């Protein structure tokens with residue numbers, strides 16, 4: 001098909017505003033998928049995606065409508081995957097912005113709109129779910145006009161569920177979005193906007209060919225990772241793979257390669273071919289670095305190899321996953337894994353438990369710290385237990401984020417209060433109609449465990465949150481260690497700001513007291529900083545009444561028996577071991 005009749009576009013939205021449902025209706029209306037093969041959220045192939053109602057993996061699909069070829073990319077809506085979304089936007093000329101008519105503009109909507117504007121895309125605003133009783137079309141339309149500076153007539157009102165107004169969206173795509181511009185005779189450059197590992201075929205790349213063409217059996221080179229391979233098959237997705245002899249400039253499709261891991265073909269890389277190589281790569285590529293780390297340990301040590309194999313398999317298709325073996329005296333052998341955010345952690349945990357039937361203990365998520373020693377050496381530590389001796393440390397830098405929260409105006413006070421509690425600073429406050437946009441900066445470590453839950457509760461569920469990593473700043477940080485019966489448990493150690501260490505120590509020892517079972521002897525639970533204790537809770541011993549068999553007689557008989565019991569307990573305390581249950585390691589994640 002010639003280039004003038006191709007339209008490349010994606011759908012961007014906040015989580016749960018109906019973008020996968022809109023994609024379903026488009027596939028139905030264009031006859032891409034037979035009615036009998038249709039199921040809801042067709043492009044969300046993983047069970048997890050359907051259950052949580054979110055898109056995790058992006059999926060491209062090719063449709064034909066009114067003599068035009070429409071290439072749609074369904075993008076994830078969650079902040080953890082914003083780099084992937086930015087690459088998908090680079091592969092398109094236009095974007096459909098879906099906004100829920102009952103909820104209005106949310107934080108992730110804003111973030112995605114900024115990405116689309118930065119990529120110079122034509123934005124088509126669509127108001128979805130107008131059939132809901134709670135839909136407030138005039139208010140949300142005013143918000144969109146305010147954000148995009150468009151006219152009211154530009155906004156399309158649809159219901160993706162019933163299919164009302166979806167043909168207008170397809171017509172708008174054909175009329176308003178420009179055809180791709182690229183030269184088939186130029187050296188070949190194609191942008192990888194996603195890649196995954198197929199057990200039977202190797203690494204499969206989803207690409208947008210910018211210039212030139214890629215034929216079956218071409219020798220291909222990745223320009224950023226310098227990996228090379230063969231294009232075993234090329235073609236388009238509708239939604240199943242449909243092989244074709246060549247992918248031309250302007251088209252979106254897939255390449256089956258002989259590569260063995262997605263680390264060789266990362267999102268944002270440029271593919272070129274050996275027979276007509278390009279000199280410069282496409283702009284915008286960056287290496288995505290994880291900044292949330294957690295230790296994964298099998299409940300029984302026999303499963304360590306299975307866990308390692310499972311993580312290796314998952315990392316073949318998820319190039320952002322980074323892992324290294326870890327050993328803990330209490331938990332045994334495990335793996336420390338780096339993630340893009342808490343949702344990413346949650347998804348990987350569920351996949352390991354479901355797809356590989358593993359029982360896991362997961363330690364509290366932490367972030368990485370840059371440590372500068374007195375000798376001038378710099379370390380990057382990913383777990384508090386790796387922190388070197390305090391006397392050798394010159395400074396510790398921790399990651400800070402730039403965040404945006406959108407809330408109805410009546411919740412501004414509560415949200416600013418929450419930001420201050422997390423050691424954050426509000427930097428700006430602006431209004432979108434009746435809602436406020438609060439911009440702030442905060443240390444990432446303080447937002448890791450339950451910031452999102454707390455935000456939802458102080459805003460009655462109306463607050464939405466988006467963030468990006470900003471920089472590393474020098475702070476007065478200390479490591480708080482936890483001791484059970486006098487023994488330090490390294491897997492529980494945390495890095496906190498000195499001003500919060502006392503409170504944190506008290507809170508966690510209280511929580512540990514609830515999850516560690518009572519023993520036959522008294523157990524001390526303590527928190528300390530470099531050997532100096534700052535908090536303590538005692539688990540009282542089980543008390544067996546040893547005087548039940550004594551009838552009458554002198555009180556000294558009773559005292560004698562109790563003294564014997566006390567002696568036994570003392571001896572037990574010296575030799576007794578406390579078994580720590582796996583819930584104790586999740587104690588930071590538990591809400592009160």
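Residue 410: free of Cβ contacts under 8 Å to residues at least 24 places away in the same chain, closer than 30 Å to residue 430 by Cα and either touching a strand residue (DSSP E or B) at 6+ places or on another chain (Cβ under 8 Å) or exposed (fewer than 15 other Cβ atoms within 10 Å of the Cβ) (or both), yes or no?
For residue 410, the condition - free of Cβ contacts under 8 Å to residues at least 24 places away in the same chain, closer than 30 Å to residue 430 by Cα and either touching a strand residue (DSSP E or B) at 6+ places or on another chain (Cβ under 8 Å) or exposed (fewer than 15 other Cβ atoms within 10 Å of the Cβ) (or both) - is met.
Looking at the range 136-157, can you tell me whether even one residue there is closer than 18 Å to residue 60 by Cβ, in contact (Cβ under 8 Å) with a residue 12 or more places away in the chain, in contact with a helix residue (DSSP H, G or I) (Cβ under 9 Å, 6 or more places away or on another chain) and outside any strand (DSSP E or B)?
No, the conditions are met nowhere in the range 136-157.
Out of (1) in contact with a helix residue (DSSP H, G or I) (Cβ under 7 Å, 6 or more places away or on another chain); (2) at pLDDT 85 or above; (3) part of a strand (DSSP E or B), the odd one out for residue 414 is which?
That leaves (3) as the condition not met.
How about the range 367-399: which of its residues are surrounded by fewer than 14 Cβ atoms within 10 Å (Cβ to Cβ) and within 17 Å of residue 291 (Cα to Cα)?
Selection gives 380 alone.
Being modelled with pLDDT of 65 or more and either in the same structural domain as residue 251 (by TED's automatic domain parsing) or surrounded by fewer than 16 Cβ atoms within 10 Å (Cβ to Cβ) (or both) is the filter here, so list the residues in the range 29-50 that pass it.
29, 31, 34
Restricting attention to the range 305-317, which residues are crowded, with 17+ Cβ neighbours inside 10 Å and either without any contact (Cβ under 8 Å) to a residue 60 or more places away in the chain or assigned by TED's automatic domain parsing to the domain that holds residue 264 (or both)?
Those that are crowded, with 17+ Cβ neighbours inside 10 Å and either without any contact (Cβ under 8 Å) to a residue 60 or more places away in the chain or assigned by TED's automatic domain parsing to the domain that holds residue 264 (or both): 307, 308, 310, 311, 314, 315.
Out of all the residues in the range 222-234, which are crowded, with 19+ Cβ neighbours inside 10 Å and part of a strand (DSSP E or B)?
222, 229, 231, 234
Conditions tested, residue by residue: (1) buried (at least 17 other Cβ atoms within 10 Å of the Cβ); (2) in contact with a strand residue (DSSP E or B) (Cβ under 9 Å, 6 or more places away or on another chain); (3) modelled with pLDDT of 85 or more.
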residue: 184; (1), (2), (3): no, yes, no
residue: 194; (1), (2), (3): yes, yes, no
residue: 205; (1), (2), (3): yes, yes, yes
residue: 208; (1), (2), (3): yes, yes, yes
residue: 260; (1), (2), (3): no, yes, no
residue: 264; (1), (2), (3): yes, yes, no
residue: 283; (1), (2), (3): no, no, no
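Is it the case that residue 438 is surrounded by 15 or more Cβ atoms within 10 Å (Cβ to Cβ) and not assigned by TED's automatic domain parsing to the domain that holds residue 404?
So residue 438 fails the test.
Have a look at 138, 125 and point out the one that is in the same structural domain as residue 91 (by TED's automatic domain parsing) and under 24 Å from residue 177 (Cα atoms).
Within the list 138, 125, the selection yields 125.
Looking at this structure, is residue 70 surrounded by fewer than 24 Cβ atoms within 10 Å (Cβ to Cβ), modelled with pLDDT of 70 or more and not in a loop (DSSP other than H, G, I, E, B)?
It is true that residue 70 is surrounded by fewer than 24 Cβ atoms within 10 Å (Cβ to Cβ), modelled with pLDDT of 70 or more and not in a loop (DSSP other than H, G, I, E, B).
Give just the number: which of (1) in contact with a helix residue (DSSP H, G or I) (Cβ under 9 Å, 6 or more places away or on another chain); (2) surrounded by 21 or more Cβ atoms within 10 Å (Cβ to Cβ); (3) at pLDDT 85 or above does residue 85 not satisfy?
Status for residue 85: all satisfied but (3).
Residue check, residue 297 against (1) at positive phi; (2) crowded, with 21+ Cβ neighbours inside 10 Å; (3) outside the structural domain of residue 225 (by TED's automatic domain parsing), all met but one. Which one?
(1)
crowded, with 16+ Cβ neighbours inside 10 Å and assigned to a loop (DSSP other than H, G, I, E, B): does that describe residue 217?
No; evaluated as a whole, the condition is false for this residue.
Taking the range 529-558 on its own, how many of its residues are assigned to a loop (DSSP other than H, G, I, E, B) and under 47 Å from the mean Cα position of the chain (by Cα)?
5
The values are calculated or read from the model by the stated rules, or taken from the named source; none is laboratory data. Given the structure is predicted, the values throughout are model-derived calculations rather than measurements. Because the Cβ atoms are built from the backbone with ideal geometry, glycine has one as well, and the counts that use them run over all protein chains shown.
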